[in-house]
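Worksheet: the structure to be examined is printed underneath.
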Amino acid sequence: MSDPASPVDPADITAQLPPYARALGIAVDRIEHGIPMLMVDFDNRIRGRPGFLHGGAIGGLLEMAAIAALQAELRRDGGLLKLKPVNISLEYMRGGTVQRTYAIGRVTRAGRRVANVSAEAWQDNREKPIASCWMNFLLSPKDQA
C-alpha cells in the first residue's frame, strides 16, 4: 500500500534497487511519507543459524533501505547525483527470526557533497528494532567519476 500523496509506485522503486537487493529478495513494501519501506521475507538463502536471519542479510537490507531513502530525497530535490557509500556502521540489537523483516531509512543530512543516512530494521514490532545503521555517502554529479 502506498501513501496517497506519493506519486511513486513501489514496484518501480523495487525494479530500480541494485541486483544485490533482488538476490536477497528485498522489495518495496510501501511508501511512507515519501520514503520507501523495504521488506524481505524469510528464505533459506538468507538463513543464518537455525531459525534466524543471517546478519549479513540484515545488514544488506539496512544498506538498501538507506540507499532507497537517499535516492528518494535526491529525486524530490531534482538532483541527478551519483552515490558512493563511504562507510556503514551496523548495530545488531536482537536476532532476526523466521518472519518478514522491514527496514526504512531516514536522511539526516544531504548536502552538495556528503549525505548521512540512518536506517532501522524490525519484524513484528517497529518499536523493537532488530538492527540499525548509519551510512555516509559522497555525492557527485552523474557525469563525474
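Laboratory data are not the source of any read-out in this text; all were calculated from the coordinates shown. This structure is a prediction, so every number in the text was calculated from the model and none was measured. Virtual Cβ from ideal backbone geometry, glycine too; neighbours counted across all protein chains shown.
Figures for the structure shown
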item	result
Region 23-47 versus region 63-122: alpha-carbon centroid distance in Å	13 Å
Estimated [θ] at 222 nm from DSSP helical runs (n ≥ 4, -39500 (n - 2.57)) normalised by residues in the chain, nearest 500	-7500 deg cm²/dmol
Karplus (6.51, -1.76, 1.60) ³J(HN,Hα), θ = phi - 60°, over region 118-134, in Hz, Gly and Pro reported as x	10, 8, 10, 10, 8, 10, 7, 9, 4, 6, 10, x, 8, 6, 9, 8, 10
Nearest 10 degrees, 0 to 90: helix 55-76 Cα axis against the chain principal axis	30 degrees
Partner aspartates and glutamates for Lys142 [C-alpha distance under 19 Å; skip if fewer than 8 residues away on the same chain]	Glu73, Asp77
Charge dipole (region 10-141, unit charges on Cβ, about Cα centre) - positive-most of Ala65, Asn125, His33	Ala65
Distance between modelled label sites at Thr108 and Arg94, nm, 7 Å Cα→Cβ extension	2.3 nm
Long-range amide H partners of Gly96 with built H, under 5 Å	Leu53
Structure-derived Cα Rg over 2.2 N^0.38 Å: which label, when the choices are [x] 1.55; [y] 1.20; [z] 1.01	[z]
Residue-by-residue Karplus 3J(HN,Hα) for region 35-45, coefficients 6.51, -1.76, 1.60, Hz, glycine and proline x	10, x, 9, 8, 8, 9, 8, 4, 8, 4, 5
Ser140 versus Asp12: modelled label distance in nm, points set 7 Å from Cα along the beta carbon direction	2.9 nm
Sparse-neighbourhood loop sites, trypsin sites (Lys or Arg not before Pro) in region 47-114 - DSSP loop, at most 13 other Cβ within 10 angstrom	Arg94, Arg100, Arg112, Arg113
The chain: relative contact order as a whole-number percent, Cα under 8 Å and 6+ apart	23 percent
